[in-house]
Amino acid sequence: MSEVIFLLLFLLEFFMGSMMFSYWLGKIKGKDIRQTRDGNPGGSNLGRIFGWKWGMAGIALDFLKGYVPLVFIVESGILKDWRLAVVSVAPVLGHAFSPFLKFSGGKAVAVTFGIWSALTKWEVPVLLGTIFTIFSLSRAIGKKGKTTPAEDAARVVVGMLAVLVYVLLRGIPYLLPVWIMNMAILIYRHLADMKALLVNHASKRNGR
């Protein structure tokens, strides 16, 4: 019975994560938000097209689909150890490889915030939010304007490396496999942007 519950919860979490709210909101407004900037069907591109209120709505929905089902699972104690780790990452997997978009989903940053909020309450979200804020302030101080997709990828990687330090310090066994699976998905979805960042960095070095 426990294996059946595990499988059902995994499928539920994957399904919840695969619901592409920002993309659907864009379609309701008459636009395919994948045609903007980096092609990400997430809240950031929704906001770029229709304004910050729509963008925040999309981000909030992506956050909630990662947070709400998982927090009930965590609080209930119905799953433990590796089963909880796998189910925790299912919404991120669903968002990144959504069957509603032919298994080509989004970059899964907001839903990542959601699952870590369910697992650690405010701790990891504050850590990630602080890293992201530092990136934004550094650009504002340098008067460099908005970030590029490659810089967004770097921000995500640095933030997740900080989360790894947190996970190792906390010493909660199931959090490490959550981090490993979550990081693998994020790297895959940001791979093109990371390659662009490395190419840009190499070209700058060669131009010196």
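The values are calculated or read from the model by the stated rules, or taken from the named source; none is laboratory data. Just so you know, these numbers come straight off a predicted model, no measurement behind them. Reconstructed Cβ throughout: ideal geometry from the backbone, glycine too, with neighbour counts over all protein chains shown. Please note that ligands, DNA and RNA were not included when accessible areas were found on the heavy atoms of the full protein model with its side chains. Shrake-Rupley method; radii C 1.70, N 1.55, O 1.52, S 1.80 Å.
With respect to Arg48, is the statement that it is basic (Lys, Arg), over 23 Å from Leu161 (Cα atoms) and modelled with pLDDT of 95 or more true? Steps first, answer last, please.
Working: basic (Lys, Arg): yes; over 23 Å from Leu161 (Cα atoms): yes; modelled with pLDDT of 95 or more: no.
No, not satisfied.
Here's the yes/no breakdown for (1) surrounded by fewer than 21 Cβ atoms within 10 Å (Cβ to Cβ); (2) outside any helix (DSSP H, G or I):
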site: Ile59; (1), (2): no, no
site: Lys65; (1), (2): no, no
site: Val68; (1), (2): yes, no
site: Phe72; (1), (2): yes, no
site: Ile78; (1), (2): yes, yes
site: Val87; (1), (2): no, no
site: Ala90; (1), (2): no, no
site: Ser104; (1), (2): yes, yes
site: Thr112; (1), (2): no, no
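Search region 105-125 for residues that are over 20 Å from Leu191 (Cα atoms) and pair each with any residue that is aromatic (Phe, Trp, Tyr) and open to solvent by less than 10 Å² (accessible area, probe 1.4 Å) when their beta-carbon atoms are under 8 Å apart and the residues are at least 6 apart or on different chains.
Short answer, once both residue conditions are applied: Val124/Trp116; Pro125/Trp116.
Could you give every pair whose Cβ atoms fall below 6 Å, whose first residue belongs to region 169-182 and is closer than 16 Å to Leu127 by Cβ and modelled with pLDDT of 95 or more, and whose second residue is open to solvent by 30 Å² or more (accessible area, probe 1.4 Å) and not in a helix (DSSP H, G or I), counting only separations of at least 6 or pairs across chains?
Note: no pairs meet the criteria.
Can you go through Phe132, Phe100 and tell me which one is open to solvent by 40 Å² or more (accessible area, probe 1.4 Å) and assigned to a helix (DSSP H, G or I)?
Unique residue meeting the criteria: Phe100.
If the requirement is being outside any helix (DSSP H, G or I) and modelled with pLDDT under 90, which of these qualifies: Lys195, Lys146, Lys204? Can you show your working first?
Details: Lys195 fails: outside any helix (DSSP H, G or I); Lys204 fails: outside any helix (DSSP H, G or I).
Of Lys195, Lys146, Lys204, the one residue that is outside any helix (DSSP H, G or I) and modelled with pLDDT under 90 is Lys146.
Look through Leu7, Leu11 and report the one residue that is open to solvent by 80 Å² or more (accessible area, probe 1.4 Å), modelled with pLDDT of 95 or more and closer than 19 Å to Phe103 by Cα.
On the way: Leu7 fails: closer than 19 Å to Phe103 by Cα.
When all the criteria are applied, what remains is Leu11.
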